[in-house]
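Heads up: the structure comes next, in structure tokens.
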């Protein structure tokens, strides 16, 4: 009976009422010990899982990087297509790119 109570962590109110004070104290103590045991077990499992996750994949520095072209002011250079002085309009650039793609696709066949 005690094993079932500790497993389920529930005691029927009628059964609890039938116990004397000393038995209730013992039952409470056993239930509390079981709670602490379960909590400790869960914490240990959690630590093991976290350690496995942390040690399983050592992080390596990525060889990839990005560098930006800087303007005269030292800030990132920005050029809006078609708006710079002496630049080709966007439509012309776009049509030239399309023509190149068609030529490359035609030559690849």
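The values are calculated or read from the model by the stated rules, or taken from the named source; none is laboratory data. Small disclaimer: the values here were computed from a predicted structure and weren't measured. Here the Cβ is made from the backbone with ideal geometry for all residues, glycine too, and neighbour counts use every protein chain on show.
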In this structure, is residue 47 surrounded by 10 or more Cβ atoms within 10 Å (Cβ to Cβ) and either out of contact with any strand residue (DSSP E or B) (no Cβ under 7 Å at 6 or more places or on another chain) or not assigned by TED's automatic domain parsing to the domain that holds residue 6 (or both)? yes
Among the residues in the stretch 31-48, are any in contact with a helix residue (DSSP H, G or I) (Cβ under 7 Å, 6 or more places away or on another chain), part of a helix (DSSP H, G or I) and closer than 29 Å to residue 1 by Cα? yes
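Looking only at the stretch 63-72, decide whether some residue is loosely packed, with under 10 Cβ neighbours inside 10 Å and modelled with pLDDT under 80.
Our first condition is that a residue be loosely packed, with under 10 Cβ neighbours inside 10 Å; within the stretch 63-72, this holds for 63-69, 72.
Retained after the next criterion (residues that are modelled with pLDDT under 80): none.
Checked the stretch 63-72: no residue is loosely packed, with under 10 Cβ neighbours inside 10 Å and modelled with pLDDT under 80.
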Return the pairs, sorted by first residue and then second, in which the second residue is in a loop (DSSP other than H, G, I, E, B), the first residue lies in the stretch 1-25 and is at pLDDT below 90, the beta carbons are less than 6 Å apart, and the residues are 6+ apart or on different chains. 5/11
